[in-house]
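K.L.:
If you scroll down you'll find the structure; I have some questions about it.
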Amino acid sequence: MSNIQHNNEVLVKVEGLSKKFCKDLKTSLWYGVKDLLSGIRGSQEESQLRAKEFWAVKDINFELRRGECLGLIGHNGAGKSTLLKILNGLINPDAGKVTIRGRVGALIELGAGFNPILTGRENIYNNGAVLGFSRKEIDSKLEAIIAFAELDEFIDMPVQHYSSGMKVRLGFAVAAQMEPDVLIIDEVLAVGDVGFRMKCLTRIGELLKTTAVIFVSHTMPQVARIANKIILLKHGESIENSVNVSSGIEKYYNEFQNTDKIIGGNGLIKLKEFNIYKDNRALNNNEKFVSLEFNKSYVLRLKLNVSHETRDYFVNFSFIDKDAKQVANFYSVISNNIFNEKGIVDITAKIDNLILGQGTYTIGVAINEIKTNGARGDIYYYDSNIKSINVVGVPTGHSPIQFYGDWDLNKI
Amino acid sequence: MALETRVYQKERTIKFGALLKASLGDMLRSRFLARQLAERDIKAQYRQSYLGIIWAFVMPIGTALVWIFLNNSGTVRLSDTGVPYPVYAFSGTLIWSIMVAAINSPMQNTNAAKGILTKINFPKEALLLSGVYKLLFDSFIKLLLLVFFVFAFGVGFHWSLLLVPFAILAAVLFGTTVGLFLTPLGLLYKDIGKIITFGMQFLMYATPVVYAIPDAGLMRTVMMYNPITPIILTTRDLVVGFSPEFLSYFIVVIAACVPLLFLGLVMYRIAIPIIVERLSA
């Protein structure tokens with residue numbers, strides 16, 4: 001078989017896959033008994049929903065070839081883990097069919113089979129055996145595993161004395177030895193320190209080239225980086241199933257309605273109105289998100305009621321991404337704007353070019369007293385979520401800042 | 001190299017032969033995993049304990065001592081068993097404890113692996129096999145103790161003693177088969193485990209464990225039909241060197257266990273995904 005052919009073969013084929021779950025434990029157990037009986041008899045019954053049941057996964061279809069990576073995204077409880085369990089052969093579907101060719105490796109649980117009393121070395125064998133390695137394979141990979149985990153010193157210590165990071169490292173080091181054709185990853189990489197996380201991503205990057213990967217994650221930048229197909233699940237159904245990864249991610253973000261907010265301050269300044277303007281026109285205020293175009297100019301406008309007891313104050317807008325990370329500031333002091341007007345005031349702040357990457361952000365605002373020595377004083381007004389924006393019109397989304405500028409090439 | 005193809009879908013028809021073949025194949029392939037799991041559990045059990053292996057004897061010795069005391073003090077009058085009563089009682093409780101452990105083993109081992117069952121796909125038969133390994137390890141130690149008693153109480157050596165390991169193997173086979181049938185339901189409902197613990201206490205008195213089969217009465221009928229009776233009696237007869245009087249019933253029971261064990265294995269294979277689904281919320 002030639003290599004080219006090899007690369008084109010479909011390794012995972014999912015057709016009309018559905019799975020139902022039950023909301024109530026006692027009922028669920030009773031259905032379990034019934035399923036056992038019908039399972040043993042070999043039932044011909046069609047899959048209908050019984051009382052208290054719902055479709056956890058409904059009618060999912062996709063194909064995956066070697067070298068492709070499917071990003072599987074959706075809210076908590078959207079059915080991602082259930083789908084993974086079916087793909088991993090842990091539970092059977094109620095309808096539809098999964099065909100998988102080749103060795104399946106799952107990075108769902110690290111360190112399965114560990115016993116806390118036993119040493120790291122012994123547990124490498126336990127974990128390796130559970131993952132399907134033979135004794136000979138583990139013998140030959142032992143040194144590589146210990147080196148990858150960076151645990152030479154502690155390898156003969158009971159695992160119960162390991163820190164949680166060390167346990168994860170050991171677990172990943174064993175799992176990293178797998179050479180699967182199909183790899184299932186369920187966001188286990190969100191643990192460990194930065195250095196080790198980089199190492200894991202590098203290893204996964206290596207595997208990506210030769211495997212078909214199904215990647216479940218809540219970290220969109222990571223999905224954007226490694227996936228070239230995307231399925232967005234909502235209540236078990238796929239509401240996006242395409243090769244357009246950024247569109248899937250955008251829809252995922254739009255699913256969220258972030259209304260959580262903290263409003264604070266000592267009350268000396270009151271917010272009357274906030275709007276975003278483009279070309280002197282206020283953008284629609286009723287939608288969940290205000291859509292802003294990448295690299296365009298916008299004006300943020302605050303109408304405030306400033307008490308006469310206030311002194312000098314500044315305004316700071318902060319842009320917070322979906323991972324609750326502050327990615328940008330728009331800070332009046334940087335451009336030497338310190339205010340002291342009282343009464344009803346109207347503050348406009350113009351951003352020349354919005355170079356935020358694709359995705360949704362919440363804007364927070366803080367209005368603070370500033371002392372003559374530059375130190376921050378009382379908080380007059382604070383709102384952690386004054387507006388949600390959705391930045392569009394930039395093709396790639398896995399970095400929060402996208403510079404825009406002139407490029408030049410001179411042939412020498 | 002051709003890639004192995006797996007298909008997951010709702011099974012409409014049950015092919016007993018194919019399932020059994022797959023089950024036995026997985027059992028064979030998972031020998032290393034099973035051994036590793038058994039080793040892990042045995043090591044972990046003894047590493048965190050000073051008395052270690054002694055705990056394996058405490059229950060049967062305790063039960064036997066109670067009956068030896070009851071008998072010697074004249075509290076209960078037991079019919080003569082033909083061998084020193086301590087040997088009779090010890091051998092009975094020891095084999096009984098092996099049997100009880102065997103019945104509990106499939107369920108206990110599957111339950112203990114719940115955490116990985118819901119996350120990782122591995123041959124589940126390895127759990128059963130590791131249970132058998134652990135049973136054989138425990139039984140071997142118990143057997144040594146039994147041999148010690150045989151000599152200590154002057155029963156002496158008989159060639160039939162060499163056959164005792166096979167009888168114990170039969171006890172493990174019987175227990176595992178029974179346990180296997182209870183496992184699917186037992187994993188769903190905790191009640192099953194409680195019923196086993198509770199029921200086995202009563203069943204012990206309907207089996208010639210600490211006293212011989214009475215000459216007449218209801219209990220005699222129950223004991224004569226009880227399929228555990230031939231296993232206990234035959235093993236004991238081999239230990240003390242009597243010719244086993246329940247040999248034919250023993251052979252029938254063991255012969256019946258083999259197809260039942262296969263049926264149990266197939267049921268287990270069908271049941272696991274259904275149970276995993278209910279365990280993992």
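K.L.:
As an exercise, use a Förster radius of 35 Å and the Cβ-Cβ distance of A:ASN284 and A:LYS371 to find the FRET efficiency, rounded to the nearest 0.05. Walk me through the numbers on the way to the answer.
P.N.:
Details: r = 39 Å, r/R0 = 1.12.
According to the calculation, E is roughly 0.35.
K.L.:
How many nm is it between the label spots at A:GLU293 and B:ARG35, if each spot is 7 Å from the Cα in line with the beta carbon?
P.N.:
According to this spin-label approximation, the distance is 7.0 nm.
K.L.:
For segment B:23-279, with the dipole built from +1 on Lys and Arg beta-carbon atoms and -1 on Asp and Glu ones, taken about the Cα centre, which of B:GLY179, B:LEU218, B:LEU162 lies farthest toward the positive end?
P.N.:
Value: B:GLY179.
K.L.:
Using the charge dipole of the protein assembly as shown (Lys, Arg: +1 at Cβ; Asp, Glu: -1 at Cβ; taken about the Cα centre), state which of B:LEU203, B:ALA56, A:ASN368 has its Cα farthest towards the positive end.
P.N.:
Result: B:LEU203.
K.L.:
Shifting gears a bit: Give a quick list of trypsin sites (Lys or Arg not before Pro) in segment B:136-233 that DSSP marks as loop, anything other than H, G, I, E or B, with at most 16 other Cβ atoms within 10 Å. Each step should come with its number before you reach the end.
P.N.:
Numbers: sites: B:LYS142, B:LYS190, B:LYS194, B:ARG220; in loops: B:LYS190.
For trypsin sites (Lys or Arg not before Pro) across segment B:136-233 that sit outside H, G, I, E and B with at most 16 neighbouring Cβ atoms in 10 Å, the list reads B:LYS190.
K.L.:
Same structure again: Quote the FRET efficiency, to the nearest 0.05, computed for B:SER248 versus A:HIS75 with a Förster distance R0 of 60 Å and r equal to the Cβ-Cβ distance. Kindly include the intermediate steps, with their values, before the conclusion.
P.N.:
On the way: r = 65 Å, r/R0 = 1.09.
With a Förster radius of 60 Å, E is 0.35.
K.L.:
Another one. Of all DSSP beta bridges in the protein assembly as shown, what percent run antiparallel (nearest 5)? All intermediate terms of the calculation are to be shown ahead of the outcome.
P.N.:
Numbers: 71 of 93 bridges.
Taking every DSSP beta bridge with both residues in the protein assembly as shown, the antiparallel ones total about 75 percent.
K.L.:
Relative to the Cα centre, what is the charge dipole magnitude of segment B:199-281, using +1 at the beta carbon of each Lys and Arg, -1 at the beta carbon of each Asp and Glu, and rounding to the nearest 20 debye?
P.N.:
On the way: 4 positive and 4 negative charges, 44 e Å.
Dipole magnitude for segment B:199-281 comes out near 220 debye.
K.L.:
Can you give me the angle between helix B:31-47 and the longest principal axis of chain B, using Cα atoms only, in degrees from 0 to 90, rounded to the nearest 10?
P.N.:
Between helix and principal axis, roughly 50 degrees.
K.L.:
Quick one: 3J(HN,Hα) in Hz for segment A:371-386, Karplus 6.51/-1.76/1.60 with θ = phi - 60°, rounded, Gly and Pro as x.
P.N.:
Each residue of segment A:371-386 in turn: 7, 5, 7, x, 6, 7, x, 5, 8, 7, 8, 8, 9, 6, 8, 7 Hz.
K.L.:
Could I ask something else about it? Using a 10 Å cut-off around each Cβ of peptide A:30-38, what is the average number of partner chain Cβ atoms that fall inside?
P.N.:
Details: counts 3, 4, 11, 6, 1, 8, 10, 1, 1.
Mean partner-chain Cβ count within 10 Å for A:30-38: 5.
K.L.:
I would also like to ask the following. Apply 1/(1 + (r/R0)^6) to the Cβ-Cβ distance of A:VAL33 and A:SER399, taking R0 = 60 Å, and write down the FRET efficiency to the nearest 0.05.
P.N.:
Working: r = 52 Å, r/R0 = 0.87.
Taking R0 as 60 Å, the efficiency between A:VAL33 and A:SER399 is 0.70.
K.L.:
Would you list, by chain and number, the aspartates and glutamates whose Cα falls below 16 Å from the Cα of A:LYS303, excluding same-chain residues fewer than 8 positions away?
P.N.:
A:GLU273, A:GLU341, A:ASP346, A:ASP383
K.L.:
For chain A, what does the helix formula give at 222 nm: sum of -39500 (n - 2.57) over DSSP H segments with n ≥ 4, over the residue count, nearest 500 deg cm²/dmol?
P.N.:
Values: 9 runs with 104 residues, N = 412.
It lands at -8000 deg cm²/dmol.
K.L.:
In a shell of Cβ-Cβ distance under 14 Å around B:THR81, excluding B:THR81 itself, what net charge do Lys and Arg (+1) and Asp and Glu (-1) give? Each step should come with its number before you reach the end.
P.N.:
Values: positive: B:ARG77, B:ARG236; negative: B:ASP80, B:ASP215, B:ASP237, B:GLU245.
Summing Lys/Arg as +1 and Asp/Glu as -1 gives -2.
K.L.:
Using only alpha carbon positions, build the gyration tensor of chain A, then give the equivalent ellipsoid semi-axes as the square roots of 5 times its eigenvalues, largest first, whole angstrom. It would help to have the intermediate numbers written out before the result.
P.N.:
Working: eigenvalues 459, 152, 112 Å².
Whole-Å semi-axes of the equivalent ellipsoid: 48, 28, 24.
K.L.:
Please build a GNM for chain B, connecting alpha carbons under 10 Å apart, and tell me which residue among B:GLN48, B:GLN36, B:GLN108 fluctuates the most.
P.N.:
Judging by the Gaussian network model, the answer is B:GLN48.
K.L.:
A follow-up question, please. How well do other chains shield peptide A:111-118, expressed as the mean number of their Cβ atoms within 10 Å of each residue Cβ?
P.N.:
Numbers: counts 1, 7, 9, 2, 7, 2, 7, 5.
Going residue by residue through A:111-118 and averaging, the value is 5.
K.L.:
May I pose another question? With a cut-off of at most 15 other beta carbons within 10 Å, and DSSP calling the residue loop, which GluC sites (Glu not before Pro) in segment A:270-359 qualify? Please list them.
P.N.:
Details: sites: A:GLU273, A:GLU287, A:GLU293, A:GLU309, A:GLU341; in loops: A:GLU287, A:GLU309, A:GLU341.
Taking segment A:270-359 and a limit of 15 other Cβ atoms within 10 Å, the loop GluC sites (Glu not before Pro) found are A:GLU287, A:GLU309, A:GLU341.
K.L.:
While we're looking at this one, here's another question. List the residues whose amide H sits under 5 Å from the amide H of A:GLY102, counting only those 5 or more places along or on another chain, with H placed 1.01 Å from N in the peptide plane.
P.N.:
Answer set, sorted by chain and number: B:GLU4, B:THR5, B:ARG6.
K.L.:
Using the structure shown, select from A:LYS20/A:LYS97; A:LYS19/A:LYS209; A:LYS167/B:LYS190 the pairs with a Cα to Cα distance greater than 25 angstrom. Intermediate results must be reported in sequence, preceding the final value.
P.N.:
On the way: A:LYS20/A:LYS97 14 Å; A:LYS19/A:LYS209 31 Å; A:LYS167/B:LYS190 32 Å.
Listed pairs above 25 Å: A:LYS19/A:LYS209; A:LYS167/B:LYS190.
K.L.:
Which of A:ARG376, A:ARG203 has the fewest other C-beta atoms within 10 Å, and how do the rest follow up to the most?
P.N.:
Details: A:ARG376 13, A:ARG203 17.
Fewest-to-most Cβ neighbours within 10 Å comes out as A:ARG376, A:ARG203.
K.L.:
Using only alpha-carbon positions, what ratio does the radius of gyration of chain B give when scaled by 2.2 N^0.38 Å?
P.N.:
Numbers: Rg = 20.5 Å, N = 281, 2.2 N^0.38 = 18.7 Å.
That ratio works out to 1.10.
K.L.:
Describe numerically, in nm with one decimal, the distance between label points set 7 Å from Cα along Cα→Cβ at B:ALA216 and at A:VAL327.
P.N.:
In this crude label model, B:ALA216 to A:VAL327 measures out at 9.3 nm.
K.L.:
Please give the charge dipole size of segment B:23-279, origin at the Cα centre, charges +1 on K and R Cβ atoms and -1 on D and E Cβ atoms. Round to the nearest 20 debye.
P.N.:
Values: 18 positive and 11 negative charges, 172 e Å.
Charge dipole of segment B:23-279: 820 debye, to the nearest 20.
K.L.:
OK, next. Cut-off 10 angstrom, C-alpha nodes, Gaussian network model of chain B. Which of B:VAL222, B:VAL100, B:VAL209 fluctuates the most?
P.N.:
B:VAL222
K.L.:
So how do A:ILE138, B:ILE192, B:ILE54 line up by other beta-carbon neighbours within 10 Å, fewest first?
P.N.:
Ranked by crowding around the Cβ, least crowded first: B:ILE54, B:ILE192, A:ILE138.
K.L.:
I'd like to compare A:163-171, B:230-238, A:102-110: which one has the highest average count of other Cβ atoms within 10 Å, and what's the full order after that?
P.N.:
Details: A:163-171: 19.2, B:230-238: 25.6, A:102-110: 21.7.
The packing order, highest mean first, is B:230-238, A:102-110, A:163-171.
K.L.:
Also, I was wondering about something else. Quick check: Cα centre of segment B:88-167 to Cα centre of segment B:1-75, how many Å?
P.N.:
9
K.L.:
May I ask which of A:LYS52/B:LYS21; A:LYS80/A:LYS325; B:LYS43/B:LYS119; A:LYS52/B:LYS124; A:LYS229/A:LYS350 have a Cα-Cα span longer than 32 Å here?
P.N.:
Numbers: A:LYS52/B:LYS21 37 Å; A:LYS80/A:LYS325 25 Å; B:LYS43/B:LYS119 24 Å; A:LYS52/B:LYS124 30 Å; A:LYS229/A:LYS350 38 Å.
Pairs exceeding the cut-off: A:LYS52/B:LYS21; A:LYS229/A:LYS350.
K.L.:
Working from Cα positions, state the angle (0 to 90°, nearest 10) between the long axis of helix B:228-240 and the longest principal axis of chain B.
P.N.:
It works out to around 60 degrees.
K.L.:
Counting only DSSP beta bridges with both residues in segment A:263-392, tell me the antiparallel percent, nearest 5.
P.N.:
Details: 45 of 49 bridges.
For segment A:263-392, the DSSP antiparallel bridge percentage is about 90.
K.L.:
Moving to a separate point now. Consider a paramagnetic label point 7 Å from the Cα of A:VAL10 along Cα→Cβ; state which residues of segment A:87-108 have an amide N under 15 Å from it.
P.N.:
Taking a point 7 Å out along Cα→Cβ of A:VAL10, the residues of segment A:87-108 whose backbone N falls under 15 Å are A:96-102.
K.L.:
Rounding to the nearest 20 debye, state how big the charge dipole of segment A:263-392 is about its Cα centre with +1 on each Lys and Arg Cβ and -1 on each Asp and Glu Cβ.
P.N.:
Numbers: 16 positive and 14 negative charges, 24 e Å.
In total the dipole reaches around 120 debye.
K.L.:
Provide a whole-number value for the mean count of partner chain Cβ atoms within 10 Å of the Cβ atoms in peptide B:55-67. Provide the component values of the computation, followed by the final result.
P.N.:
Values: counts 0, 0, 0, 0, 0, 0, 0, 0, 0, 0, 0, 0, 0.
For peptide B:55-67, the averaged partner shielding equals 0.
K.L.:
How far, in degrees from 0 to 90, does helix B:191-205 lean away from the longest principal axis of the Cα atoms of chain B, to the nearest 10?
P.N.:
20
K.L.:
Can you pull the Rg over Rh of segment A:263-392, Cα-only, Kirkwood? Each step should come with its number before you reach the end.
P.N.:
On the way: Rg = 14.5 Å, Rh = 15.2 Å.
A ratio of 0.96.
K.L.:
Specify the residue with the greatest mean-square fluctuation among A:ASN373, A:ASN337, A:ASN254, computed from a Gaussian network of chain A linking alpha-carbon atoms under 10 Å apart.
P.N.:
A:ASN373
K.L.:
For chain A, which span is the longest to avoid every loop-located (per DSSP) member of chymotrypsin sites (Phe, Trp or Tyr not before Pro) having at most 11 other Cβ atoms inside 10 Å? Before the final figure, lay out the partial values.
P.N.:
Details: sites that count: A:PHE403, A:TYR404, A:TRP407.
The segment A:1-402 is the longest one with no such site.
K.L.:
Let me ask you something else. Where the centroid of each part is defined by its Cα atoms, how far is segment B:220-281 from segment A:116-172 in Å?
P.N.:
So the separation of the two Cα centres works out to 39 Å.
K.L.:
So which chymotrypsin sites (Phe, Trp or Tyr not before Pro) in segment B:154-192 pass both tests, a DSSP loop state and at most 12 other Cβ atoms within 10 Å of the Cβ?
P.N.:
B:PHE157
K.L.:
Could you put B:THR197, B:THR229, A:THR360 in order, starting from the residue whose Cβ has the fewest other Cβ atoms within 10 Å? Write down the numbers at each step before the final one.
P.N.:
On the way: B:THR197 11, B:THR229 21, A:THR360 26.
Lowest count first: B:THR197, B:THR229, A:THR360.
No value in this document is a laboratory result; all are computed from the given coordinates. Here the structure is a predicted model, which means the values were calculated and not measured. Cβ: placed from backbone, ideal geometry, glycine included. Neighbour counts: every protein chain shown.
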